[in-house]
Amino acid sequence: MPRFFVPPEVLRGNCAVLTGEQAAHAKVLRLSPGETVTLCDGAGWESRAAVEGWESGGLRLLLEPPAPSRAEPKLRVSVYLGFPKADKLEHVIQKATELGAYEIVAFPCARSVSRPDEKSLAKKLDRWQKIAASAAEQSGRGRIPQVLTLPSFSAAVARAAQAQWSALFYELEHSCGLREAAEGRLHDTAALLTGPEGGLTEHEVEEARAAGLAVCSLGPRILRCETAPLCALSALLYAAGELA
């Protein structure tokens, strides 16, 4: 079923009109009267809508009462990762959105090679948010994850620690795995933190541990910086029963 993201106030009415790019997309889909689409507010609510017809302003729809999106995980998982090089962050944003991440947060680490300045970040954030929106639409989600950046590793750790359960994944940790660390602790919110290409320093690991984050392994293999957050997210959602 075609899916369109609209402002939240649209779902409060009985009818809506798709205009602009969304109307153009609807024309490409050749939507006709009687067909059904889904309108989402981007925050977890959606409404089935019947196509009534085309008018000068766009495509007119009749809406059913909104309901919570069934595609959204009950466990809200925030994915934190150190700035990677090139377009690796775009890959993580797209795939983490498809998997069900609540939000994606990027930040610089001691060994980060990529360190975008404020001017370039503004443009990048706009592009990253569009990637998340596109991935959310494609994967049938009812919420568009927010893409955020933080100024430092310390800021990321402090924010991640506010989740009910949070973990940092470190390739030199061998005694504690994700399953052991998360068992019985997954309720409403969780945060997963991974490093950049060069990995995390011992000082950063100890800072995270002191802030209350569990320090975990993702297994005996060393994963690339763009693979680790997606692996951790998939494993955690599976453990929470969200991918069953």
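The values are calculated or read from the model by the stated rules, or taken from the named source; none is laboratory data. Computed from a predicted model, the values in this text were never measured in an experiment. Cβ sites come from the backbone with ideal geometry, for glycine too, and all protein chains shown count toward neighbours. Remember, those area values only see protein heavy atoms, side chains included, never the ligands or the DNA or RNA. Shrake-Rupley method; radii C 1.70, N 1.55, O 1.52, S 1.80 Å.
Once the chain from A50 to N14 is taken as fully extended at 0.36 nm per residue, the excess over their C-alpha distance is 11.9 nm.
Packing here is the average count of other Cβ atoms within 10 Å per residue, and on that basis the peptides 73-81, 216-224, highest first, run 73-81, 216-224. Using the average count of surrounding beta-carbon atoms within 10 Å as a protection proxy, the listed peptides 15-21, 27-33, 38-44 rank, highest first, as 38-44, 15-21, 27-33. Heavy-atom accessible surface of D188, to the nearest 10 Å², is about 80 Å², with a 1.4 Å probe and all protein chains retained. Accessible area per residue for the chain is 52 Å², calculated with a 1.4 Å probe on protein heavy atoms, without ligands, DNA or RNA. Which FRET efficiency, nearest 0.05, do L62 and D87 yield, Cβ-Cβ r, R0 45 Å? That pair, L62 with D87, gives E of 0.65.
Sparse packing (at most 11 other Cβ atoms within 10 Å of the Cβ) combined with a DSSP loop state is found for none of the trypsin sites (Lys or Arg not before Pro) in segment 122-182. Report the extension gain between L29 and R111 in nm, rounded to one decimal, defined as 0.36 nm multiplied by the number of residues separating them, less their alpha carbon distance. Between L29 and R111, full extension yields 24.9 nm more.
Expressed as a whole percent, the accessible area of the chain that falls on carbon and sulfur atoms is 50 (1.4 Å probe). Largest GNM mean-square fluctuation among S154, S166, S175, using the chain with Cα springs under 10 Å: S175. Above 30 Å lies some portion of the pair distances; for the chain, what is it as a whole percent of all C-alpha pairs? For the chain, the share of Cα pairs beyond 30 Å comes to 33 percent. Could you check the spin-label model distance between A161 and D126? Points 7 Å from the Cα along Cα→Cβ, value in nm. The two pseudo-label positions are separated by 3.6 nm.
Multiplying the residue separation of T189 and R209 by 0.36 nm and subtracting their alpha-carbon distance yields 5.4 nm. Restricting the calculation to Cα atoms, segment 171-237 yields a radius of gyration followed by a Dmax of 11.7, 32 Å. Of the GluC sites (Glu not before Pro) found in segment 204-244, not one falls in a DSSP loop while having at most 11 other beta-carbon atoms within 10 Å. Among beta bridges from DSSP that stay inside the chain, the antiparallel ones total about 40%.
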